[in-house]
Amino acid sequence: VGFSVLRQETIEAKYFCIYCTLLLNIPMQLTKCGHHICKSCLEKQKSEFVFLFDSISKLFEYCYFRNAIVCWKCNEKMDRKDVRPDRAFENELQMLLVFCTFCHWNGMLKFYSVNRVFLLVFSKKLL
């Protein structure tokens, strides 16, 4: 599952997961269409039943995939071997300026996890 952040409208759409719609967390690229999905969201999609829209017949097709996945954005079907980590995209993503949903912190995404851990520890000490 991706990261929930404030001011999402200031971030390009390509940085959001096509499955959970949150800011990507460990982006995986669907090589046939180029879209990205969180690694954990990809794991959730294992052996799911998926409705696909067929633009020719204008009907929904009920599909079951074992070793395949479907892009939630464009409905491209592909094998799991057509999905790979996108390290360059991950590096680009980590440099984004984000705003925490829980406090007034803002900074680069690569430091967001540290901020969230600090918030959890600090909030427990207050209780």
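The table that follows gives values for the structure above.
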{"quantity": "Residue match in region 68-75 (condition: exposed (fewer than 11 other Cβ atoms within 10 Å of the Cβ), part of a strand (DSSP E or B), modelled with pLDDT under 80 and out of contact with any Leu (no Cβ under 9 Å at 6 or more places or on another chain))", "calculated": "no"}
{"quantity": "Number of the exception - Asn106 against (1) open to solvent by 80 Å² or more (accessible area, probe 1.4 Å); (2) at pLDDT 85 or above", "calculated": "(1)"}
{"quantity": "Those residues of region 1-16 which are touching a residue at least 60 places away in the same chain (Cβ under 8 Å) and either among the hydrophobic types (A, V, I, L, M, F, W, C) or open to solvent by less than 20 Å² (accessible area, probe 1.4 Å) (or both), in sequence order", "calculated": "Phe3, Val5, Leu6, Ile11, Tyr15"}
{"quantity": "Odd one out for Asn115, checked against (1) open to solvent by 40 Å² or more (accessible area, probe 1.4 Å); (2) at pLDDT below 85", "calculated": "(1)"}
{"quantity": "Any hit, region 17-28, residues being modelled with pLDDT of 80 or more, open to solvent by 20 Å² or more (accessible area, probe 1.4 Å), of a type in the set (S, T, N, Q) and part of a loop (DSSP other than H, G, I, E, B)", "calculated": "yes"}
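The values are calculated or read from the model by the stated rules, or taken from the named source; none is laboratory data. Just so you know, these numbers come straight off a predicted model, no measurement behind them. Quick reminder, even Gly has a Cβ in these numbers, built from the backbone with ideal geometry, and neighbours come from all protein chains shown. The accessibility values were calculated without ligands, DNA or RNA, using every heavy atom of the protein model including side chains. Shrake-Rupley method; radii C 1.70, N 1.55, O 1.52, S 1.80 Å.
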